[in-house]
Amino acid sequence: MAIKTVGVLGCGLMGAGIAQVSAAAGFKTYSLEVNEEVLKKGLGRIEKFLTGGIEKGKVTAEQKATVLGNLTGTTKYADLKDCDLIIEAIVENVEIKKQAYAQLEAVIGPHCLIASNTSSLCITELAAATKRPDKVGGLHFFNPVPLMKLVEVVRALSTSQETFDALYGFAKAIGKEPIAAPDRGGFIVNRLLVPYLLDAIRCHEEGLGTVEDIDNGMKLGCGYPMGPFTLLDFVGLDTTYYIANIMFDEFRESRFAPPPLLKRMVLAGHLGKKSGKGFYDYSK
Ligand code: CAA
Ligand code: NAD
């Protein structure tokens with residue numbers, strides 16, 4: 001199955017990174033957003049990363065030109081008609097994802113594969129909502145996409161071996177290290193990471209330590225690159241809240257239940273780095 005043209009739904013934190021690495025690897029890549037304003041912001045994030053990479057001596061001007069040359073931003077599904085693979089990276093909500101797949105299937109060809117970057121949703125349910133359940137799987141990237149090597153390749157009950165192989169091959173072609181992961185809420189990494197992040201919030205709520213002390217504890221004591229609160233702000237508190245609810249619903253275990261403080265921070269619009277305020281203040 002030859003993949004030449006890739007469409008990425010959503011140009012947020014993850015979609016922008018996925019579109020960037022796809023274009024950098026030579027795939028003609030379309031990045032679709034809900035409106036021009038959000039699209040411009042997402043494409044701006046890619047430009048900023050590449051410019052920062054040049055300043056750090058990690059990216060060449062030619063590499064930047066390759067990415068920008070292979071990348072087309074759009075707000076129209078019709079522009080995705082020639083894609084061989086769609087990677088969906090929109091909000092962590094099953095109904096919104098299903099609606100997007102219906103719009104997508106009205107324009108894409110019958111051969112086109114669909115992969116969701118969902119953190120926690122059931123890939124089999126997403127696949128069953130399409131007319132091509134054998135051609136749907138999961139490609140779970142990690143944030144920040146251009147720097148994190150891992151991709152979990154997820155097989156739904158309906159995913160064909162040919163589709164799984166094509167998704168695995170695509171992950172390798174863009175320079176990532178793929179691992180096969182089962183279609184269980186949170187796959188492998190989030191099954192371990194999400195309870196840890198939620199526990200950090202619970203510990204803080206119980207008065208175990210300040211945000212800074214807990215972060216420093218895990219950074220300096222365990223060698224983690226970021227403490228749990230810095231990572232929560234980085235992932236997005238809204239996304240973490242959606243993931244926790246989905247995983248709690250899947251496993252019915254209290255370790256996946258979102259702590260009350262997380263819910264209230266999301267309701268208050270404190271979404272982390274992307275909104276300028278989360279456990280830390282980014283307004284300056
Ligand atoms: N272009 C190219 N390279 C760049 C770059 C750029 N714009 N910016 C940074 N880099 C390179 C640096 O040069 C450096 O390379 P070397 O190691 O070769 O020197 C490397 O990237 C690290 O960059 P920095 O030194 O500037 O930054 P750092 O050391 O603070 O690391 C980080 C940043 C990689 C994000 C690190 O903090 C980290 O690994 N954090 C944890 C991230 C994590 O856990 N992600 C998973 C989130 S969970 C998830 O994604 C799943 C989900 O479903 C929620
Ligand atoms: P985000 O909020 O940064 O971006 C989501 C983007 O999707 C927004 O820009 C929004 O405008 C767009 N969008 C919403 N509905 C759309 C539609 N119908 N069509 C096109 N675009 C639409 O979120 P994110 O952090 O990038 O997360 C996206 C997906 O990736 C989620 O499924 C999430 O669980 C998953 N994920 C997130 C992380 C992370 O660290 N944040 C890591 C791995 C996977």
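Observations, loosely collected:
- Being surrounded by 20 or more Cβ atoms within 10 Å (Cβ to Cβ) and within 28 Å of C112 (Cα to Cα) holds for only one residue in A156, A200, and it is A156.
- Helices (runs of 4 or more DSSP H) fully within segment 224-284 that include at least 2 residues being aromatic (F, W, Y) and closer than 22 Å to I96 by Cα: 237-251.
- Boolean, P178 is away from ligand 1 (no atom under 12 Å from the Cβ) and either outside the structural domain of M265 (by TED's automatic domain parsing) or at pLDDT below 95 (or both): yes
- So E95, is it surrounded by fewer than 20 Cβ atoms within 10 Å (Cβ to Cβ) and free of Cβ contacts under 8 Å to residues at least 12 places away in the same chain: yes
- Residue in segment 221-242 that is away from ligand 2 (no atom under 16 Å from the Cβ), touching a residue at least 60 places away in the same chain (Cβ under 8 Å), more than 14 Å from L198 (Cα to Cα) and more than 20 Å from the chain's Cα centre (by Cα) present: no
- Residues (in a loop (DSSP other than H, G, I, E, B) and within 14 Å of ligand 1 (Cβ to nearest atom)) located in segment 2-24: G10, G12
- The number of residues in segment 27-39 being charged (D, E, K, R), within 16 Å of ligand 2 (Cβ to nearest atom) and in contact (Cβ under 8 Å) with a residue 12 or more places away in the chain comes to 2.
- The residues listed here are K56, K40; of these, the one that is out of contact with any Phe, Trp or Tyr (no Cβ under 6 Å at 6 or more places or on another chain) and away from ligand 1 (no atom under 15 Å from the Cβ) is K40.
The values are calculated or read from the model by the stated rules, or taken from the named source; none is laboratory data. Remember, it's a predicted structure, so these values are computed and weren't measured experimentally. Because the Cβ atoms are built from the backbone with ideal geometry, glycine has one as well, and the counts that use them run over all protein chains shown.
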